[in-house]
Amino acid sequence: MTTSVLSARKVTKRFGGLVAVDQLDLEIADNAIHAVIGPNGSGKTTLFNCITGFYRPEGGEILFRGHHLERFASDRITRLGIARTYQNIRLFSNLTALENILIGEHSHLKAGMFSAVFRLPATVKEEELALVEARRLLGYVGLSGKGDLLAKNLAYGDMRRLEIGRALASRPAMLLLDEPTAGMNPQETREMTAFIRRLRDDLGITILLIEHQMRVVMGISEKVTVLDYGQKIAEGTPSEIQNNPMVIEAYLGKGSASAVLREAAASAR
Amino acid sequence: MDQGKPRHWLAVALQLGATGGLAALLICLVGMVEEFSKRYIIVDLLEMGQAMLLLILIATGYMTARRLADRPPREQLLASAVSGLVPAVMLFALVLLIEPLNMRSVFLNASPGLVDILTFGQTGGAALVLMAAAGTIQALAGGVVPHLSPRTRAPLVQAIAWVGLTGLLADILRVTFTNIPGAIFVLGWMFGRGSGKGLSIPGVVVVFGLVAYATYRRQKRPAGAPGLRSRLDGRKARLVNIGLWAAAAVILYLLPKLLGPYLSEVTNSVGLFVLMGLGLNIVVGFAGLLDLGYVAFYAIGAYVVAVLTSTAVGSEAGQIVWGPGMSFWLALIIAVLISVLAGIILGVPVLNMRGDYLAIVTLGFGEIIRILAGSDFLKPYIGGSQGIVQVGVGRIGGLVTFDKPQTVFYVVVAACAAAGFISWRLRDSRMGRTWKALREDEDVAQAMGIHLVSTKLLAFATGAAFAGLSGALFASKIGSVYPHSFKLLVSINVLSLIIVGGMGSLPGVFIGALALVGLPELLREFSEYRLLMYGALLIVMMLTRPEGLRPEATRRRELHESTGPEAEAPPAGMAAPGEASAGD
Amino acid sequence: MLRRFLERATLTDVFMWFVGGSIVTLVVVGSYLTLRQGVYTTRHWFDFLVFGLAQGSVYALIALGYTLVYGILRMINFAHSEVFMSGAYIGFFVITAMNKSGFLDDNPLVSLSALFLVAMVTSVVIAVLLERIAYRPLRKSPRLVPLITAIGASFFLQEAFRTMFGSASKGYPDVDALQGSWTLTGEFIIQKIQVLVIVAGALMMFLLYLFVMRTKTGKAMRAVSEDKDVAALMGIDVDAIIVRTFVIGAALAGAAGVLYSLMFRQINAYIGFIPGIKAFTAAVLGGIGNIPGAMLGGLFLGIFESVGPILFLDGLGVAAPYQLKDVIAFTMLVLVLIFRPTGILGERLATTKA
């Protein structure tokens, strides 16, 4: 059994009377592609927000390489090696693509105000290297030549790619992708799926993703965790999940499991 | 437009005409028309009051045509004409009613003089016909503008603007250039005789022609075409750069002698606001923190210098009288340091506040500082409402004393240059990016590893430093400080000028200061209506051109809908020496 | 739980706790000293209290305008202070005319009603113009833009009134019917004007509360402030509701303008500025978007500001403590926003991060 890079235990997040995440346990294996799925409102993005420090969970703990993430603010969590993208795309709209990526590199640059004003040689060098790195990342996510476009003027698919590029700029060990294929057509989805797999294979990054498209989930994830009403209702390989009656009912409603399974069995023949 | 059914052109014309009429009535009743009529733009032909009405009518016609852009041209022009008729009728109604309703007892400016101006000196039916005709024609002119090709439009607009500007500043220009040999003949020919007379007809032709031609030629150059400087190779380019800087230095050295005491003083005032503008530009323009209490740091800088350098602080009659009489330069440094400290202290409470709350709370801080400065409670230490007098001035050895406007000029220029340089370097640095990320999306910025607290406090501290410097220079320049110099008005002034110039844009600060501080100082008629025009300007700018007159390159596209990817072309010929554009 | 809190505390939190603690200590010590010195009798305190209540009623009425608009548009209507001022200002012309003709003294009830009506209509007109011209086109702009527009509008209106009607202060004439005072038990005196202000204020607040809770428009207003888009989907004409919100807020502000003028008598184009900020403080104090909160916040602030300077500062030997009453009000605003940003009764707005 490979080691867990992230261990969440009994994580609980409440908003007033609503329990968004309920005593959730989650183990993410190192270098895995792990998907989190579930119907709308099941707490997936809330879970991401807890992991990345946007929310403070009321209970439980989240361990990443020995650190207790539930106590940290998001800037510290990023420095520890976790990066993310957002369901509704949150780029810095009025900055260029290149500037977005440069900001992504913030955590491993060092220049401060003094060195900026006096253009110390070390700072000049650092900026040059940062620029080279940013252009390289732009190319890696397929946005070469678009560096000077304002982020808000990019095509939708390019925006998603840029967000990933920006996340990669912080040199994360683990990448959280929140619905990376939302709004994409089948062709784009295929490209994104292949890209995600490449990220893991080339860069050794552990990927945790929230997805709605079953095709993507089945296609690339090694392990799938299913949430409903903030609780984990199933976990396993994609094929195990596919035929899990509880999962089917969570998506399609009570009593649908048998019908769906019969259908699936019929079409398999 | 998000309306369902298209409206009848008449309805649009009437509505916009009514709005224009309201605006016209307003400027009449606040007294601007009469007050401004004393200054001519074109001698004996067009004075400022008339010009303002003219602008309103042209704008009304223009907006009507724009609003009906999808209709046939004939309808548009007809609508424009009608939209000019409405204000004319409204103004005529005003003229008719002034006497019978004794409007002057309420509206102080509803005077016979005003009536005279509006009716072109006529009465009754003749007046109505004249006014209606004038209104219709002027609005029609505005309605024609959208139909001009862009090639013709830009030169036309620029030329008219420059004619207006030169006409307004005729007196200043005449005085400034009198010292240049031979100029006196040109000036006499181009401008009207006497003060406040504006341009002569030949002068109008000259300015109009020059500007129109220049704009037209500049348009023809394709966007992104390399300017003269970039076509030279490395070493030659560096030489040219050095040459330009040297020339600038010489000009700056000679300038106060050219301008004389009055104009130097005006430049100094502009300079102090440029300094503050650069500071607030970092806080608001870069970091997106709307600080309405910025005057607090200005006050702190001024008071620290005053307290430390004066020899007569506090009041007599048994209370504390003290005055260290410190050297100005030392006090200046201390003032800036204390301002920085204040920036941090006043920044801490607002770290978690959102835009609107941040604005109100910082406004509160500004007011607190002002009230404390004038309070009896602190009177023994800082002079209360009587302020502090005998503030020290800077000296270098026994040689130079910075007490006259012409000498203070150099200090102000040096301070602005330093602040401008620092801003420029910061803008393109990691710190500048960090601030911009903060402005765009604070939570995501934090997720990028940005430490919010230190970033915000650094923005406040830097802004405070510039304001403190400006305040220190202000105290020395005036020689005394009084609490009423530090009202909210100052914060609004600074905010206005960076908005008009363009938030986040460095050249914009200079332009904003020239327009909003320089112009009112030069044109005395404006001073009464200064705040009124600031307010109107802010509204109009936010509605039409929120990115400012000379925007930060990216911000220009931020606030307007953009239509797809476009390459970034630097504004023709505007790149300053060494200013690199972001990215490639 | 305390441990979790301590874990999260940062240096800035410590600093703020220190500052807040010092201020509270000062306040407590000052109050104790003042009371111990016994310079002020119960009657004095009663006077301060009543005055504060009257002033607070004015603040509350203005605060309602802020809170209503903020609830619907999530923006601070910076120019609301001028909406208040305009009612007071135009009211001046009306009451002066009525006074000159003797109508005021002959028919005080009718006169005052007419006065209120004119003032409220004026305020409403100004507010509606603001909404149409300055705010509506900018509804989708980034946050900073409408705020700056509002600031510009505020200054514009102040100056327009000053230049149109003259810089000299205008004085409301004496209203015979409102002169004098009533004596309550013992030596507690309350002025008739103050009674009018307090009662009129309370009445209007009560009516507003009924309106918002019981009528269809009121319900629609609450729906729009919850979620504008969903309300539109439910068939509510969002634009019309927004205008109506402005109208109601302005009417209250106009009435507040008259009450203020009857109490303080001297008015000019700038009387909106400070009360406007105080009223906003009150709205935030009670919880922005929260209607009962604005009412309570206004009353509380009025009393706090009336009683506070003497109570807190006199004992500490501060000269002329009344000069610093605005400082006290602003300090309270800052402390509330730091330590309880959702206000006393709690903000009715959700804040989500991602």
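The values are calculated or read from the model by the stated rules, or taken from the named source; none is laboratory data. Everything quoted here is computed from the prediction, not taken from an experiment. Because the Cβ atoms are built from the backbone with ideal geometry, glycine has one as well, and the counts that use them run over all protein chains shown.
Of the candidates C:Gly302, C:Gly254, C:Gly276, the single residue that is touching a helix residue (DSSP H, G or I) at 6+ places or on another chain (Cβ under 8 Å), farther than 16 Å from C:Val197 by Cα and either small (Gly, Ala, Ser) or within 14 Å of chain B (Cβ to nearest Cβ) (or both) is C:Gly276.
Residues that are within 14 Å of another protein chain (Cβ to nearest Cβ) and of a type in the set (D, E, K, R), at least 1 per element: which helices (runs of 4 or more DSSP H) completely within the stretch B:1-87 meet that?
It comes to B:32-36, B:48-67.
When you go through B:Arg395, B:Arg425, B:Arg439 one by one, which is the residue that is more than 9 Å from every other protein chain (Cβ to nearest Cβ) and at pLDDT below 95?
B:Arg395
The set of residues from the stretch A:74-85 being touching a helix residue (DSSP H, G or I) at 6+ places or on another chain (Cβ under 7 Å) and either outside any strand (DSSP E or B) or at pLDDT below 90 (or both) comprises A:Ser74, A:Asp75, A:Ile77, A:Thr78, A:Arg79, A:Thr85. Taking the criterion of being under 21 Å from A:Gly204 (Cα atoms), under 17 Å from the mean Cα position of the chain (by Cα) and away from chain B (no Cβ under 11 Å), the only residue of the stretch A:64-99 that qualifies is A:Phe64. Looking at the stretch B:447-477 only, could you name the residues that are free of Cβ contacts under 8 Å to residues at least 40 places away in the same chain and either crowded, with 24+ Cβ neighbours inside 10 Å or in a loop (DSSP other than H, G, I, E, B) (or both)? Of everything in the stretch B:447-477, those that are free of Cβ contacts under 8 Å to residues at least 40 places away in the same chain and either crowded, with 24+ Cβ neighbours inside 10 Å or in a loop (DSSP other than H, G, I, E, B) (or both) turn out to be B:Ala447, B:Met448, B:Gly449, B:Ile450, B:His451. If you scan the stretch C:314-343, which residues turn out to be within 11 Å of chain B (Cβ to nearest Cβ), part of a helix (DSSP H, G or I) and farther than 24 Å from B:Val348 by Cβ? Across the stretch C:314-343, the qualifying residues are C:Pro321, C:Tyr322, C:Gln323, C:Lys325. Of all the numbered requirements in (1) outside any helix (DSSP H, G or I); (2) under 23 Å from the mean Cα position of the chain (by Cα); (3) not β-branched (Val, Ile, Thr), B:Arg193 misses one, and that requirement is (2). Annotation note: Cβ proximity below 6 Å between a residue of the stretch C:64-89 that is of a type in the set (Gly, Ala, Ser) and a residue that is outside any helix (DSSP H, G or I) (sequence gap 6+ or interchain) occurs for C:Gly71/C:Gly289; C:Ser81/C:Gly272; C:Ala88/C:Ile267. Could you list, ordered by first residue, the pairs with Cβ atoms under 9 Å in which the first is in the stretch C:14-32 and within 14 Å of another protein chain (Cβ to nearest Cβ) and the second is among the acidic types (Asp, Glu), at least 6 apart or interchain? Every condition considered, the pairs that remain are C:Gly30/C:Asp314. Looking at A:Leu154, A:Leu102, just one residue is within 9 Å of chain B (Cβ to nearest Cβ), touching a residue at least 40 places away in the same chain (Cβ under 8 Å) and within 22 Å of B:His451 (Cα to Cα), and that residue is A:Leu102. Within the stretch A:141-149, is even one residue modelled with pLDDT under 95, touching a Pro at 6+ places or on another chain (Cβ under 9 Å) and of a type in the set (A, V, I, L, M, F, W, C)? Checked the stretch A:141-149: at least one residue is modelled with pLDDT under 95, touching a Pro at 6+ places or on another chain (Cβ under 9 Å) and of a type in the set (A, V, I, L, M, F, W, C).
Confirm whether B:Thr119 is farther than 17 Å from B:Leu29 by Cα and of a type in the set (Ser, Thr, Tyr). No. Against the test of being surrounded by fewer than 21 Cβ atoms within 10 Å (Cβ to Cβ), modelled with pLDDT of 90 or more and not hydrophobic (A, V, I, L, M, F, W, C), the options C:Lys192, C:Lys170 yield a single qualifying residue, C:Lys170.
Has the stretch B:156-167 got any residue that is aliphatic (A, V, I, L, M), touching a residue at least 24 places away in the same chain (Cβ under 8 Å) and assigned to a loop (DSSP other than H, G, I, E, B)? No, that holds for no residue.
Looking across the stretch C:142-166, the residues that are of a type in the set (A, V, I, L, M) and more than 27 Å from A:Ser93 (Cα to Cα) come down to C:Ala153, C:Leu157, C:Ala160, C:Met164.
Please work out which one of (1) among the hydrophobic types (A, V, I, L, M, F, W, C); (2) surrounded by fewer than 24 Cβ atoms within 10 Å (Cβ to Cβ); (3) more than 13 Å from the chain's Cα centre (by Cα); (4) at pLDDT 90 or above is the condition B:Val490 fails and give its number. Result: B:Val490 fails condition (3) only.
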